[in-house]
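The values are calculated or read from the model by the stated rules, or taken from the named source; none is laboratory data. Computed from a prediction, not measured in an experiment: that's the story for all the values here. When we count neighbours, we look across all protein chains shown, and the Cβ atoms used for this are built from the backbone with ideal geometry, even at glycine.
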């Protein structure tokens, strides 16, 4: 199969490498162009250059010029993953078999840009990958293959996404083989079961201590590595100190204290929530590095009864 890959983020890199190592021919790897003064090349661009694959950075793949470029390859298939733009019908028609997309959820659940993060945020115990035959709708095409993947209760979104990307590469190869052999079995999605997974925002990192310990734990896990969960320590006689919370665990400790109140701060840091308590394991004070809670406690004047808010 002659293939054009469209991918930008790290979730697409294992699939690109797997296709390159297969008997199929990767003709080009297109990525969204970097944005901002400090923007770095996309992970797919970096990987493609390492492999000697032609790279391409179109402003949009849905313009006449971009469609003409794809058509010039006379490719059999578009393989799309973590790209960042919805492809129109005319773009999908530039290859013989259209396009397939690897999506990090069990569609139709979590359609959108952040399916892995929303699965962790909602406390799901399992998720999966779906390869779909692409249509102009958002992640709405018929499913060609599915993988079911358990979520470890301590796994962050970053860790889970990396694991799912590696597993997803195997699924992509399987579906490409089935397309080549004409043996795929498309299954239409039930649109009535669809849920959305929009992009995360920095504001979502603010911890509301009135929520339950389990919910806050899931928030901390889901927002790693970005935008990260944060809170502020109200210091006696000083300005509030921003704390990024990197790792926590629930604890059996009971409390009648107001949510956000420091329950314990000797060798461990325990905070009351709206339902139960959380043990903070790793924190990052503003302007400093990530540190274990006991190290933070040795260098701070935090006291029992202080508030995080």
Those residues of the stretch 242-274 which are free of Cβ contacts under 8 Å to residues at least 60 places away in the same chain, farther than 16 Å from residue 205 by Cβ, out of contact with any helix residue (DSSP H, G or I) (no Cβ under 8 Å at 6 or more places or on another chain) and surrounded by 15 or more Cβ atoms within 10 Å (Cβ to Cβ) amount to 253, 255, 257, 259, 261, 262, 263, 264, 270
Quickly run through the stretch 200-209 and pick out the residues that are touching a strand residue (DSSP E or B) at 6+ places or on another chain (Cβ under 9 Å) and either part of a loop (DSSP other than H, G, I, E, B) or modelled with pLDDT under 95 (or both).
-> 207, 209
Can you tell which of 182, 158, 141 is surrounded by 21 or more Cβ atoms within 10 Å (Cβ to Cβ) and assigned by TED's automatic domain parsing to the domain that holds residue 109?
-> 141
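For every residue, the table says whether it meets (1) in contact with a strand residue (DSSP E or B) (Cβ under 7 Å, 6 or more places away or on another chain); (2) within 25 Å of residue 191 (Cα to Cα); (3) part of a helix (DSSP H, G or I).
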residue: 20; (1), (2), (3): yes, no, yes
residue: 33; (1), (2), (3): no, no, no
residue: 38; (1), (2), (3): no, no, no
residue: 45; (1), (2), (3): yes, no, yes
residue: 50; (1), (2), (3): no, no, yes
residue: 60; (1), (2), (3): no, no, no
residue: 71; (1), (2), (3): no, no, yes
residue: 87; (1), (2), (3): yes, yes, no
residue: 95; (1), (2), (3): yes, no, no
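Rundown of residues vs (1) within 20 Å of residue 170 (Cβ to Cβ); (2) touching a helix residue (DSSP H, G or I) at 6+ places or on another chain (Cβ under 9 Å); (3) without any contact (Cβ under 8 Å) to a residue 40 or more places away in the chain, yes/no style:
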residue: 58; (1), (2), (3): no, yes, yes
residue: 70; (1), (2), (3): no, yes, no
residue: 84; (1), (2), (3): no, no, no
residue: 87; (1), (2), (3): no, no, no
residue: 98; (1), (2), (3): no, yes, yes
residue: 125; (1), (2), (3): no, no, yes
residue: 147; (1), (2), (3): yes, yes, yes
Is one or more of the residues making up the stretch 66-84 under 26 Å from the mean Cα position of the chain (by Cα) and surrounded by fewer than 18 Cβ atoms within 10 Å (Cβ to Cβ)?
-> yes
With respect to residue 152, is the statement that it is buried (at least 20 other Cβ atoms within 10 Å of the Cβ), under 18 Å from the mean Cα position of the chain (by Cα), outside any helix (DSSP H, G or I) and in the same structural domain as residue 109 (by TED's automatic domain parsing) true?
-> no
Do we find that residue 169 is in the same structural domain as residue 120 (by TED's automatic domain parsing), part of a helix (DSSP H, G or I) and under 21 Å from the mean Cα position of the chain (by Cα) in this structure?
-> yes
Just to be sure, is residue 290 in the same structural domain as residue 227 (by TED's automatic domain parsing), surrounded by 15 or more Cβ atoms within 10 Å (Cβ to Cβ), at pLDDT 95 or above and within 18 Å of residue 224 (Cβ to Cβ)?
-> no
State whether one or more residues within the stretch 215-229 are in contact with a strand residue (DSSP E or B) (Cβ under 7 Å, 6 or more places away or on another chain), surrounded by fewer than 21 Cβ atoms within 10 Å (Cβ to Cβ) and not in a loop (DSSP other than H, G, I, E, B).
-> no
Could you tell me whether residue 194 is over 30 Å from residue 287 (Cβ atoms), free of Cβ contacts under 8 Å to residues at least 12 places away in the same chain and surrounded by fewer than 19 Cβ atoms within 10 Å (Cβ to Cβ)?
-> no
